[in-house]
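Participant: What follows is a structure written as structure tokens; I'll ask about it next.
The values are calculated or read from the model by the stated rules, or taken from the named source; none is laboratory data. All values reported here derive from a predicted model rather than from experimental measurement. Reconstructed Cβ throughout: ideal geometry from the backbone, glycine too, with neighbour counts over all protein chains shown.
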Amino acid sequence: MSAAGPPQGAHSAPSGGLGAQQMRDADVRLDRVRKTFGAVIAVNDVTLDIERGTIFSLLGPSGCGKTTTLRLIAGFEQPSAGEVYIRGKRVTSIAPYRRDFSMVFQSYALFPHLSVAENVAFGLRMRRVPRAERGAAIKEALELVKLGALADRYPRQLSGGQQQRVALARAIVVKPAVLLLDEPLGALDKMLREEMQVELRDLQQRLGITAVFVTHDQEEALTLSDRVAVMRGGVIEQIGAPREIYDRPVSEFVAGFLGASNFLDGSVVAREGAIAVVATAGGHVRVVDAAATTPVGAKVRVAVRPERVRMSGPGGEGLHGKVRSIVYRGPVTHYYMDGVGGPLLAYAQNAGAADWAVGDEVRCAWDVEGAVVVAPERA
Amino acid sequence: MKGLRNLWAWALLTPPLAAAVVLFVVPLLYLFYISLHAASPSEIYGSTLTLENYTSVLSDGFYLGIIRRTIGTAAAILALCLFIGYPVAYFVALLPTRRRMIVLLLLLFPLMVSNVVRAYGWVALLGRRGVINTGLRDLGVIDLPLDLLYNTEAVVVGLMTILLPYMVITIANTLAALDRRYEEAAQALGAGPVRTFLHVTLPLSTPGIASGMLLVFLLTLSAYVTITLLGGPRSKLLVSMVYDSVVGFQWPRAAALAFILLAIALTLTGVILAVLRPNRVQGIGR
């Protein structure tokens, strides 16, 4: 994954109990921050630390509180309770313009009456950087986003992608402690968005910027982030590295929000060290449960990613399924099956291996680490 | 498809366009034609072509003084409307939509009262036997009544109170439609409240300022009742001269004065637009 990441490449530390070292390196720290609008709790006791030089994503559906959380860091919203820190300094009651951050807005909010160069110069002027030094900084920032040739244009003369780059240049030229990005790629088409994701990641790593990124696009969060917080209803459901939250979701919501999953209900019938054996309607499945949170007899829900599912003929091992429909997607084929306890879904790589046809009786199996116990949705 | 839409556009545009040409452009050209003729005792205009109507006005100290007073009065009214109107508009724009609408309606309310009535209201207040003079005399502050009426100041105050709502309403609407993200973007880049206003809010509200200024300015130039009733014979403006010339059967001179008035209006409109450059942000602020 993030092999090129600055100092802290590994994210094995648990999301709770932060060591003194991490506290010192946290560029943004929210301590039990709460924000209510009337009777609505938009952000509910959120605590998080964002390490220096990393990209942190706030991911969730609309209305989950991710944008409010970002605006609390910026100071555009005042927390109802809790504290906000930027670079170790408590900024809870400090006005936005005195906080050391800059921001890229979803709508870009480029000043229409200023040229590209003047937009980029704005932050430098406000920070009273002498005119002589501004020129070089503006040029450098515009070259970083590959817009050096468009310095004299006005925002309305630029395409969406170009405007996005200007917004980025305007934000990074002031060398902020934290760069806040509110769905910055949301208005771009898919191709451009994927291109900008790579560029953004590249730029962030070259400059070693700390960035907080709000998005509802799980792919974007997985692609860009060092760490992701999945939010719902004003609460962080899970914080972790992309792989961690994708492979080891703690709840059915997180598993479902980050991609498709098979959910199997059952009860624990035996334990074999770190492994729990769960009896489901279709048969026994084995699940990693290192924390041993599920005693024998407990009712649990098991999630299995469809790409983890291996299909074999009726003589093989695993849960029984009958192919109901097949969707060919180029690199992979999606097999929708009827299982004993409910539907099953498998993504098979199109690597020239055996194909299945509608109506085929198959067996579905997976490696034990492909299955995970999740907190079920409250019905 | 596009041709059809164009056809529709022209079909809709033609009647008002034709009306404008017949009722406005043609008479204007005719008026200009009249202004180039000598006066005649029996006809609307004489037979000799001449620039005399323009040269005599523009070389006459009396008329030049009136032109200067007209521009000065208009400038004073504009400045007062802008400096009083902008802050009011700023706070009106911050109100929630419903309350903003109520306030704007209240601002419109005085406009429903005739200018004649309003002018006499000022006369009742400022006249030699008006409320202010009587009050001050009764209090023993003054012995002789003050000359509060029939001067340029009275005209400025009278017109300003009539025209202020136009300024407030146009600016408030522009500010209310402004995307607050621009101000947040400025703050995110380190601009405090004052600099956010000067560098972002103010330039982005120039379309509203420009429309407000043009409305106030052009209505000032064409106001007659208020000027006559509050300015009296000593504080006449260019419109009054047009009227006086018409009454004196000096049709060609009246036409020439009307064109000088038009030239002033066009020139100052150009100056306002050139200084504010509202086209930079027109239609982008939302």
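Participant: Among the residues that make up the range A:322-329, is at least one of them in contact (Cβ under 8 Å) with a residue 12 or more places away in the chain and closer than 19 Å to A:Arg271 by Cα?
Facilitator: The answer is no; no qualifying residue exists.
Participant: Looking for whichever is within 22 Å of A:Tyr335 (Cβ to Cβ) and out of contact with any helix residue (DSSP H, G or I) (no Cβ under 8 Å at 6 or more places or on another chain) here; the options are A:Gly283, A:Gly259, A:Gly273. Which one fits?
Facilitator: A:Gly283
Participant: Could you please find all residues in the range B:224-247 being of a type in the set (Gly, Ala, Ser) and surrounded by fewer than 24 Cβ atoms within 10 Å (Cβ to Cβ)?
Facilitator: Hits for the range B:224-247 are B:Gly232, B:Ser235, B:Ser240, B:Ser245.
Participant: Filter the range A:31-52 for residues that are surrounded by 19 or more Cβ atoms within 10 Å (Cβ to Cβ) and either of a type outside the set (D, E, K, R) or within 14 Å of another protein chain (Cβ to nearest Cβ) (or both) and give the result.
Facilitator: A:Val33, A:Ala42, A:Val43, A:Val46, A:Leu48, A:Ile50
Participant: Separate question: Here are B:Ala210, B:Ala256, B:Ala265: which of them is in a helix (DSSP H, G or I), over 30 Å from B:Gly127 (Cβ atoms), away from chain A (no Cβ under 14 Å) and in contact with a Leu (Cβ under 7 Å, 6 or more places away or on another chain)?
Facilitator: One residue alone meets the criteria, B:Ala265.
Participant: Suppose we filter the range A:162-189 for residues that are under 17 Å from A:Met103 (Cα atoms), away from every other protein chain (no Cβ under 11 Å) and either surrounded by fewer than 17 Cβ atoms within 10 Å (Cβ to Cβ) or of a type outside the set (Gly, Ala, Ser) (or both); how many remain?
Facilitator: 14
Participant: Let me ask something else. When the range A:303-325 is examined, which residues are found to be of a type in the set (Val, Ile, Thr) and either outside the structural domain of A:Thr280 (by TED's automatic domain parsing) or surrounded by fewer than 22 Cβ atoms within 10 Å (Cβ to Cβ) (or both)?
Facilitator: If we filter the range A:303-325 for residues that are of a type in the set (Val, Ile, Thr), which is where we start, we get A:304, A:309, A:323.
Of everything in the range A:303-325, just one residue is of a type in the set (Val, Ile, Thr) and either outside the structural domain of A:Thr280 (by TED's automatic domain parsing) or surrounded by fewer than 22 Cβ atoms within 10 Å (Cβ to Cβ) (or both), namely A:Val323.
Participant: Tell me which residues, restricted to the range B:158-180, are surrounded by fewer than 19 Cβ atoms within 10 Å (Cβ to Cβ) and within 21 Å of B:Val123 (Cα to Cα).
Facilitator: B:Thr161, the sole residue that qualifies.
Participant: Taking A:Ala95 as the residue in question, decide whether it is more than 9 Å from every other protein chain (Cβ to nearest Cβ) and over 22 Å from the mean Cα position of the chain (by Cα).
Facilitator: Taking the combined requirement at face value, the residue does not satisfy it.
Participant: Using the structure shown, decide if B:Ile102 is of a type in the set (A, V, I, L, M), surrounded by fewer than 17 Cβ atoms within 10 Å (Cβ to Cβ) and in contact with a helix residue (DSSP H, G or I) (Cβ under 7 Å, 6 or more places away or on another chain).
Facilitator: Numbers: of a type in the set (A, V, I, L, M): yes; surrounded by fewer than 17 Cβ atoms within 10 Å (Cβ to Cβ): yes; in contact with a helix residue (DSSP H, G or I) (Cβ under 7 Å, 6 or more places away or on another chain): no.
Here the answer is no, as B:Ile102 does not meet what is asked.
Participant: Which one is farthest from the other protein chains (Cβ to nearest Cβ), of the residues in the range A:68-92 that are closer than 15 Å to B:Gln187 by Cα and of a type in the set (D, E, K, R)?
Facilitator: Checking each candidate, the answer is A:Glu77.
Participant: With of a type outside the set (S, T, N, Q), under 15 Å from B:Ile169 (Cα atoms) and surrounded by 18 or more Cβ atoms within 10 Å (Cβ to Cβ) as the only criterion, which of B:Ala93, B:Ala119 stands out? Before you say what the answer is, go through the steps one by one.
Facilitator: Working: B:Ala119 fails: under 15 Å from B:Ile169 (Cα atoms).
It is B:Ala93.
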